[in-house]
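As structure tokens, the structure follows; a few thoughts come after it.
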Amino acid sequence: MYTQAMDLIAKEAGNTTPATAEPEAYQREFDAKIDRGDFIEPKDWMPEGYRKTLIRQISQHAHSEVVGMLPEGNWITRAPTLKRKAILLAKVQDEGGHGLYLYAAAETLGVSRTELIEALLSGKAKYSSIFNYPTLTWADVGVIGWLVDGAAIMNQIPLCKCSYGPYARAMVRICKEESFHQRQGYESLLVMMREGTPEQKAMVQDAVNRWWWPALMMFGPPDSESVHSPQSMRWGIKRVSNDELRQKFVDATVPQAEVLGVTLPDPHLKWNPERGHYDFGPINWKAFWDVINGHGPCNRDRMAARRRAWEEGAWVREAAEAYAEKAKRRATTHPTAA
Amino acid sequence: MFVTELLQTTPDPAAETALTLPDYDPETQAALFRYLLRLGDSVLILGQRTSEWCGHAPVLEEEMALANFGLDLIGQARMLLTYAGALEGKGRDEDTLAFLRYEHEYRNVTMTELPNGDFARTMVRHFLFASWMVLLWARLQSSADPHLAAIAGKAVKEARYHQRHAGGWVVRLGDGTALSHDKTQAALDDLWPYTAEWFESDEDDARLAQAGIAPHPGELAAPWRETVTPTLAEAQLRMPPESPFRSHGRWGRHSEHMGHLLPEMQYLQRAYPGGKW
Ligand SMILES: [Fe+2]
Ligand SMILES: [Fe+2]
Ligand SMILES: [Fe+2]
């Protein structure tokens, strides 16, 4: 039912280049729009490379939202209070909603959600590797809200002004919700650090120790090694460099850690008055690439969980389609029946 | 984001406001306390089960719907248990009641604690339960107890949505493929005997019915059957035969499943005594 409808929308959206297209004229118009800072819309002509890059980026983002439901979902049934259970459930639900808007934005570029999901499950498409780390304690939930949602916001705010209209608009809504998540995560840590038992405080510090470096890696490889950045900058798909964003994140987070009363696990972290920024220690990029290449602590678990949900849900999706077919047949045989 | 922005507190919609308690005789007060646990635990435990689906639903839209179910049920549980604690007057709040009781002190109807099983079983259970709750909340809206009436006014709308959404799936799965039909029928056959408990009653029920606080459970049996029958028929499902089986969750005697659900739910409260969350 769902998937069929999606495929149709996708086919229509894919059919936007007129038969009489003169690529050069279209290219000039496209470039002019980009230069003026106008949005590119689904019906507009766009270069194939732009379309492909966007599909890759938006679908990777969508997959990240959906896979990202798993680490925190791991704690919903064990949340310590009913209020925290409700907050966490609503947060994880928001992430699913982000997945939905983003899949819808990708579909305007002529792919279907099913194709995208299959690319994820076959291992062809990637998702953010931050979700390949385990949530070992309840404090991980708060720290993910604070640092992971925080880093996501840093990454995504520039995308609210990206050149592709549907993506930019999805990002506006998503960023609003992500900052809500960040605040809730931070607040839950504050309660534990200010009013909690020594055991709870130790739990928070341990979670910070484990998530700090992976959070810094969320901004991607250093600018010197980033493959797609220059072209994406030109297209307005990416507007601020990985290293700039990372620095901005560190600068914003250090004072937050002080207020919280936790230590960030980096002996080199120090204010540099000349640069007007915090200096921080070297990032272990080998660890980063290991996780991206499938060797993180939870890569196998995350993919297995997504595959299981998809495979075990197949009979449900088939039943829904079969029912929709029958309903359609009934409507045509008895057109007057309600 | 700046620290100051991060420190802005977000209001908690379910946070308790000071309750003015109705003036009941001790027996009525105790009976209402137990009744609130029966209701509150039922929605709490079903909410707990429903939230187990998170990340595992057959389509993303159903992730959202199941999370909605869970959120509504947990919200209802918070209101009911908060009121129960206030009425009891021993300083127990929603969390003390939700997380720090022994198994036999939970009063949820047994069906809510059964494992989710597959998607058909989850939706059949939700449909049967929500159909009952729609009738119950509708009656409780005119309860002589003002707090319970107010909770019912909010909950009845949520239960209607649950009934409609889960009922839609019962029909789609029951009348979908041969495989989905068989799974749905098996779920219905399996769950049906657990509905009998909902309509049984004891002295508490009689007392609350007498006081106009809650309907007599038995009064809902026929209307409930009438509500679910058309949907089950549309779904091409056979109504299961009556069974002498009885469950007793409302009396604190649970299935074996409850002893696995509780330690998971209570883990942090038990492992970090005195913690602040
Ligand atoms: Fe998100
Ligand atoms: Fe995100
Ligand atoms: Fe988020």
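The values are calculated or read from the model by the stated rules, or taken from the named source; none is laboratory data. Every value quoted in this text rests on a predicted model; they were computed, and no experiment measured them. All Cβ positions, even for glycine, are placed from backbone atoms using ideal geometry, and neighbour counts span all protein chains on display. In case anyone asks, the SASA skips ligands and DNA or RNA and just uses the protein heavy atoms, side chains included. Shrake-Rupley method; radii C 1.70, N 1.55, O 1.52, S 1.80 Å.
Sorted by mean Cβ packing within 10 Å, highest first, what order do the peptides A:175-185, A:30-40 take?
Per-residue mean Cβ counts within 10 Å order the peptides as A:175-185, A:30-40.
Leaving out ligands, DNA and RNA, and with a 1.4 Å probe, what % of the accessible surface on the stretch B:53-198 is carbon or sulfur?
Result for the stretch B:53-198: 56 percent of the exposed heavy-atom area is carbon or sulfur.
Which of the residue pairs A:126/B:276; A:124/B:183; A:126/A:161; A:238/A:286 have a Cα-Cα distance greater than 30 Å in the structure shown?
Beyond 30 Å between Cα atoms: A:126/B:276; A:124/B:183.
So how much accessible area does residue A:332 have, in Å² to the nearest 10, using a 1.4 Å probe?
Probe radius 1.4 Å; accessible area of residue A:332 about 110 Å².
Might you report the magnitude of the Cβ-based charge dipole of chain A about its Cα centre, with Lys and Arg at +1 and Asp and Glu at -1, to the nearest 20 debye?
So the dipole magnitude of chain A works out to roughly 720 debye.
Quick one: which residues, 5 or more positions from residue A:277 or on another chain, have an amide H under 5 Å from its amide H? H modelled 1.01 Å from N in the peptide plane, none for Pro or chain starts.
Hits under the 5 Å cutoff: A:272.
Mind listing the phi-derived Karplus ³J(HN,Hα) values for the stretch B:186-194, rounded to whole Hz, using 6.51, -1.76 and 1.60 with θ = phi - 60°, and x for any glycine or proline?
4, 5, 4, 4, 6, 8, 3, x, 6
Just name one of B:221, A:163, B:245: the one whose Cα is farthest towards the positive end of the charge dipole of the protein assembly as shown (beta-carbon charges, Lys/Arg +1, Asp/Glu -1).
A:163
Among B:99, B:161, B:272, whose Cα sits farthest toward the positive end of the charge dipole of chain B (+1 at Cβ of Lys/Arg, -1 at Cβ of Asp/Glu, about the Cα centre)?
With unit charges placed on the Cβ atoms, the residue in question is B:161.
To the nearest whole number, what is the average tally of beta carbon atoms from other chains within 10 Å of the beta carbons of peptide A:66-77?
Across A:66-77, the average partner-chain Cβ count within 10 Å equals 4.
Obtain the nm distance between the two label points defined at residue A:285 and residue B:199 by a simple spin-label model: each point lies 7 Å from its Cα along the Cα-to-C-beta direction.
7.1
What does the extension gain come out to for residue A:122 and residue A:172, with contour length at 0.36 nm per residue minus their alpha carbon separation?
This chain segment gains 15.0 nm when fully extended.
First measure r as the distance between the Cβ atoms of residue B:190 and residue B:276, then evaluate 1/(1 + (r/R0)^6) with R0 = 45 Å and state the FRET efficiency to the nearest 0.05.
0.60
Using only atoms on other chains, find how many Cβ atoms lie within 10 Å of each Cβ of peptide B:258-267 and report the average.
Whole-number average of other-chain Cβ neighbours for B:258-267 is 2.
For the stretch A:178-192 and the stretch B:215-235, write down the distance between their C-alpha centroids in whole Å.
44
Divide by every residue of the protein assembly as shown the summed helix terms, -39500 (n - 2.57) for each DSSP H run of at least 4, and state the resulting mean residue ellipticity at 222 nm, rounded to the nearest 500 deg cm²/dmol.
Taking each H run of at least 4 residues, the total per residue is -20500 deg cm²/dmol.
Explain nothing, just the number: dipole magnitude of the stretch B:24-271 about its Cα centre with +1 on each Lys and Arg Cβ and -1 on each Asp and Glu Cβ, in debye rounded to the nearest 20.
260
What FRET efficiency would be calculated for the residue pair residue A:202, residue B:221, taking the C-beta separation as r and a Förster radius of 41 Å, to the nearest 0.05?
It comes to 0.15.
To the nearest 20 debye, what charge dipole does the protein assembly as shown have about its Cα centre, counting +1 at the Cβ of each Lys and Arg and -1 at the Cβ of each Asp and Glu?
Computed charge dipole of the protein assembly as shown: roughly 680 debye.
What does the average come to when, for each residue of peptide A:310-318, you count the partner chain Cβ atoms lying within 10 Å of its Cβ?
6
From the protein chains alone at 1.4 Å, what is the descending order of accessible area for A:330, B:238, largest first?
Greatest to least solvent exposure: B:238, A:330.
Please give me the summed charge of the neighbours of residue B:24: other residues whose Cβ is under 11 Å from its Cβ, Lys and Arg +1, Asp and Glu -1.
Local charge sum for residue B:24: -3.
Along the charge dipole of the stretch B:24-271, pointing to its positive end and built from +1/-1 on Cβ of Lys, Arg, Asp and Glu, which listed residue (B:36, B:232, B:60) has its Cα farthest out?
B:60
Run the count for the stretch A:13-121, please: Lys pairs, Cα-Cα under 25 angstrom, 8 or more apart or on different chains.
Within the stretch A:13-121, the lysine pair count is 4.
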